[in-house]
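Asker: Once you've had a glance at the structure underneath, I'll fire off some questions.
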Amino acid sequence: MIDTNGIYYKKGVAKVFVSEANAIKAINLGEVKPGHIVILIGAGPSGTGMEETFQVTGALKQLSFGKEIALITDGRFSGVSTGACIGHVGPEALVGGPISKVQDGDVIEIKIDCDNLSGSINLIASHSHSNAELSEADIAQLFSNRLPHPQLRPHSELPNDIKIWAATQSGIWEGCVQDADRILKIVKVGIDALK
């Protein structure tokens, strides 16, 4: 999977899940196959509070072809996950990130320069376009017309303190930094509006 130049390359078909439990169920039922790229959405701060996504990588590790499966998520990993795991994708799905619009059957291309620690993840074809490779303009048009996954929603038991924490994040795409002054300004405007 990694060539002599230190480049990891994977092209595969998206298999999209909106919860870790659904992904594990599909793995156990044999619905995840070689050539798939597992896309787990709704696992970021707004979805689950950014809980660790180890169970999916652990389940994939048990498959004889698990090394052939990549995982892309807006969630996070701990140090025990192995394999091609790409996390903290942002903007997260629940705040409108493009990962929310990936559909089963889309063709995804992953390129990672392991030596320089740089890479890209691209949608290159869509099941709705006969899987023919699309131009960047075609992909932009496709994503502008697509709605987010219909089952995407925050975890039903997300505690209030986690909801508040997630709402105060500037966004994982900005480096997980809380802008306290901006948050306080927004809260003041809200309080003033409620008076």
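Asker: Can you tell me which residues in segment 104-150 are touching a Leu at 6+ places or on another chain (Cβ under 8 Å) and small (Gly, Ala, Ser)?
Answerer: Ala125, Ser126, Ser128, listed by residue number.
Asker: With the requirement that a residue be among the aliphatic types (A, V, I, L, M) and either farther than 23 Å from Gly119 by Cα or touching a residue at least 60 places away in the same chain (Cβ under 8 Å) (or both), what does segment 54-74 give you?
Answerer: Taking segment 54-74 as the starting set, the residues that turn out to be among the aliphatic types (A, V, I, L, M) are 56, 59-60, 63, 69-72.
Those that are among the aliphatic types (A, V, I, L, M) and either farther than 23 Å from Gly119 by Cα or touching a residue at least 60 places away in the same chain (Cβ under 8 Å) (or both): Ala59, Leu63, Ala70.
Asker: With respect to Gly30, is the statement that it is over 27 Å from Ala125 (Cα atoms) and not aliphatic (A, V, I, L, M) true?
Answerer: So Gly30 fails the test.
Asker: Exactly one condition in (1) surrounded by 15 or more Cβ atoms within 10 Å (Cβ to Cβ); (2) of a type in the set (Val, Ile, Thr); (3) over 26 Å from Lys33 (Cβ atoms) is false for Ile86; which is it?
Answerer: The one condition Ile86 does not meet is (3).
Asker: Now for a different question. Scan segment 110-150 for residues that are basic (Lys, Arg) and in contact with a strand residue (DSSP E or B) (Cβ under 7 Å, 6 or more places away or on another chain) and jot them down.
Answerer: If the condition is that a residue be basic (Lys, Arg) and in contact with a strand residue (DSSP E or B) (Cβ under 7 Å, 6 or more places away or on another chain), then Lys111 is the only one that fits.
Asker: Across segment 94-132, what is the total count of residues that are touching a residue at least 12 places away in the same chain (Cβ under 8 Å) and not in a loop (DSSP other than H, G, I, E, B)?
Answerer: 22
The numbers here are math on the coordinates, done by the rules we state, and not lab data. Just so we're clear, the structure is a prediction, and the values are computed from it rather than from any experiment. In this analysis, Cβ positions are derived from the backbone assuming ideal geometry, glycine residues included, and neighbour counts consider all displayed protein chains.
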